[in-house]
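Before any comments, here is the structure.
The values are calculated or read from the model by the stated rules, or taken from the named source; none is laboratory data. As the structure is a computational prediction, the values presented were derived from the model and not from experiment. We place every Cβ from the backbone using ideal geometry, glycine too, and count neighbours over all the protein chains shown.
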Amino acid sequence: VDSPTTSRRPATLGAAIAQWRTLLGDQFVICDPAALRRAGTATFATTASIQAIVRPATRSEVAAAVRVAVDHRVSLYPFSSGLNWGYGSRVPVRDGVLLDLGRLNAIVNFDEDLGVVTIEPGVTQRQLHAFLRSRGGRFWMDATGASPDCSIIGNTMERGFGHTPAGDHAAQACGLEVLLPSGAIIRTGFSRFQGARTAHVSRWGVGPSLDGLFSQSNLGIVTRMTVWLMPAPEYFQAFFFMARDDARLEPLVDVLRRLRLEATLRSAVHLANDYKVAASLGQYPWNAMAGDTPLSAGVLQELARRRDFGAWNGSGALYGTRDQVGAARRRIKALLRPHVDKLRFIDDRTLGMAARVQRPYRWVTGTDLAEVIELVRPVYELMKGVPTSDMLRSTYWRKRIPPPPDPDPDRDRCGLIWCTPVSPAEPRNVRNMVEIVHKVFARHAFEPAMSMTLRTERSVDNIVSIAYDRDVPGEDARAMQCHDELLRELTAADFYPYRLGIHSIGKVPPRKPSSQALLGRLKAALDPDWILAPGRYD
Ligand SMILES: Cc1cc2nc3c(=O)[nH]c(=O)nc-3n(C[C@H](O)[C@H](O)[C@H](O)COP(=O)(O)OP(=O)(O)OC[C@H]3O[C@@H](n4cnc5c(N)ncnc54)[C@H](O)[C@@H]3O)c2cc1C
């Protein structure tokens, strides 16, 4: 939905910057070219330029900063922590000023009976996790595999997901407080009634529900949000499985859907292909490939044999009382075992024991148990809602330098582009989606790494990554061509992405004219000057 450019008065950026400086203090209005360049660097080539970064500290400062943007017709792009790697990081869709909400980082309220926490945009996974621990750990949060420094609200605004029964983030949030470009503040659900007792426990409230308007959109700035937590279970057990043969994909999808539908599995289950596992275990085997790309089937097979992974590799977890987990485990064994080559259940005790016996184990079997534990532990912890930065190492897959202790894919010019098609959780559809990915990647010489998640009982989100080295001349363009072709072929086959990066916007076939027009009218009504994140999700 494009802005009515003809009706726009010219922007007066210089005057806006002067006003922001008066309002927030010089140090919170950043115009230093080096800082703007850093903020304008993503994991792929981008074109939009960042004119300034504005960093308010309170909700009233946010409102005042927006007022200035409206008065001066300057485009404002909000972010919470700006670590939207693979989707554009903090780079806006078009030229504009960034509104950094990271300084609003209060945990406003925690109800220890209901398991709900109300937070501001700057609250990170690390912060919430530490807070819950400090309160005795009675409740667990969900965590993504991105980084402990990622925000909760930014991820939820993108409808991101994690690993626990609370993994579908937008489905676990309610009571949004939203600042509209007009300066009005609205609250969603029951929280729109002053003092409503159910403000933080019910999403719908009464009457039309507004929450959905503010994720993956450009209609408002979320300044507070309530998140529903899960109670720490009496017993937790993770399971890992592996199927060597690619032909097992169909029965696996069938069984996992069944287990999800009947609620034996209450959390997201993940299925990663061999390329994805290879990239999470280490870097591209440049020596074995004699410097050539893409990874050959032979070298991949050798890696899989040596590191013991299959064509499809899964993980999931069970949460509940010992009896509940025991019953679920028996059911999983009965249904899943016929279709996999390995199925292992792990809990705190077995993981601790493995850590203790790793030396004698290696001596007897020759297998490096420490290596296995190192690989399993971050995924295991993620399924308990513990954030980790371990997964970031995989973004260095094609780099010639090893991942540093403080990985930063933007800074280190790691190439990463996501494409995120969703399929019904049916074997035929999932196979069809996977085949399209393989066909397109074969034309572009990148590794078709896929991580599929049964985020819900009925659908599979496929996170396809194009990982490359931005320092190799021409790779930025080749990788984007691969993405564009992939998106085109997937949407032509009626598979649509769950989420768009700045690189995908404008490349998805338009919505039906009626919904397009409605969204245009909403944008025009709420943001008549097209100040807020113009272009985002258009
Ligand atoms: C190795 C790796 C693993 C990853 N794993 C996952 C994963 O498991 N799950 C997952 O979902 N993602 C994952 N990601 C992708 C991404 O890094 C995360 O989704 C991350 O949480 C997004 O960044 P952020 O939280 O800083 O959001 P931000 O960059 O702060 O926000 C994202 C966008 O949301 C909008 N927004 C943010 N805050 C507000 C607000 N207050 N009001 C209105 N709009 C707002 C803005 O348009 C902004 O550009 C992964 C990335 C990598 C590299």
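A few points about this structure:
- Among residues of region 226-239, those that are assigned to a strand (DSSP E or B), surrounded by fewer than 19 Cβ atoms within 10 Å (Cβ to Cβ) and either of a type in the set (A, V, I, L, M) or under 24 Å from the mean Cα position of the chain (by Cα) (or both), counted: 1
- Applying the criterion of being among the hydrophobic types (A, V, I, L, M, F, W, C) and within 7 Å of the ligand (Cβ to nearest atom) to the residues of region 78-106, the residue that is farthest from the chain's Cα centre (by Cα) is L101.
- Tally of residues being more than 9 Å from the ligand (Cβ to nearest atom) and surrounded by fewer than 19 Cβ atoms within 10 Å (Cβ to Cβ) across region 130-150: 9
Every residue, every condition in (1) loosely packed, with under 14 Cβ neighbours inside 10 Å; (2) small (G, A, S); (3) part of a helix (DSSP H, G or I); (4) in contact with a helix residue (DSSP H, G or I) (Cβ under 6 Å, 6 or more places away or on another chain), yes or no:
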{"position": "E485", "(1), (2), (3), (4)": "no, no, yes, yes"}
{"position": "G501", "(1), (2), (3), (4)": "no, yes, no, no"}
{"position": "G506", "(1), (2), (3), (4)": "yes, yes, no, no"}
{"position": "R511", "(1), (2), (3), (4)": "yes, no, no, no"}
{"position": "S515", "(1), (2), (3), (4)": "yes, yes, yes, no"}
{"position": "R521", "(1), (2), (3), (4)": "yes, no, yes, no"}
{"position": "W530", "(1), (2), (3), (4)": "no, no, no, no"}
{"position": "P534", "(1), (2), (3), (4)": "no, no, no, no"}
{"position": "D538", "(1), (2), (3), (4)": "no, no, no, no"}
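- Restricting attention to region 225-256, the residues that are within 21 Å of K276 (Cα to Cα) and of a type in the set (A, V, I, L, M) add up to 8.
- Looking across region 120-150, the residues that are over 28 Å from I463 (Cα atoms), outside any loop (DSSP other than H, G, I, E, B) and touching a strand residue (DSSP E or B) at 6+ places or on another chain (Cβ under 7 Å) come down to F131, L132, F139.
- Residue check for R244: within 16 Å of the ligand (Cβ to nearest atom) and either in contact with an Asp or Glu (Cβ under 8 Å, 6 or more places away or on another chain) or at pLDDT below 95 (or both): no
- In region 29-42, residue surrounded by the most Cβ atoms within 10 Å (Cβ to Cβ) [restricted to those that are touching a residue at least 40 places away in the same chain (Cβ under 8 Å) and in a helix (DSSP H, G or I)]: A39
- Among all positions in region 170-192, there is at least one residue which is part of a helix (DSSP H, G or I), within 12 Å of the ligand (Cβ to nearest atom), in contact (Cβ under 8 Å) with a residue 40 or more places away in the chain and under 30 Å from V460 (Cβ atoms).
- Highlighted here are the strands (runs of 3 or more DSSP E) found entirely within region 363-457 that include at least 2 residues which are among the hydrophobic types (A, V, I, L, M, F, W, C) and at pLDDT 95 or above: 414-419, 449-454.
- Residue within region 110-121 that is under 17 Å from the mean Cα position of the chain (by Cα) and near the ligand (Cβ under 10 Å from one of its atoms) present: yes
- Considering P421, P387, P427, the condition of being more than 21 Å from L295 (Cα to Cα), surrounded by 23 or more Cβ atoms within 10 Å (Cβ to Cβ) and more than 12 Å from the ligand (Cβ to nearest atom) is satisfied by P421 alone.
- Inclusion of T223 among residues that are of a type in the set (S, T, Y), farther than 20 Å from V340 by Cα and either more than 16 Å from the ligand (Cβ to nearest atom) or part of a loop (DSSP other than H, G, I, E, B) (or both) is not warranted.
- Between A45, A15, the distinction of being within 26 Å of A467 (Cα to Cα), more than 16 Å from the ligand (Cβ to nearest atom) and not in a strand (DSSP E or B) belongs to A45 only.
- Within region 131-181, the residues that satisfy the criterion of being under 30 Å from A69 (Cβ atoms) and aliphatic (A, V, I, L, M) are A146, I152, I153, M157, A170, A173, L176, V178, L179, L180.
- Checking R159, R94 one by one, the residue that is surrounded by fewer than 23 Cβ atoms within 10 Å (Cβ to Cβ), touching a Ser or Thr at 6+ places or on another chain (Cβ under 9 Å) and on the phi > 0 side of the Ramachandran plot is R159 and no other.
- Only one of the numbered conditions (1) near the ligand (Cβ under 9 Å from one of its atoms); (2) buried (at least 17 other Cβ atoms within 10 Å of the Cβ); (3) part of a loop (DSSP other than H, G, I, E, B) is violated by I153, and that is (3).
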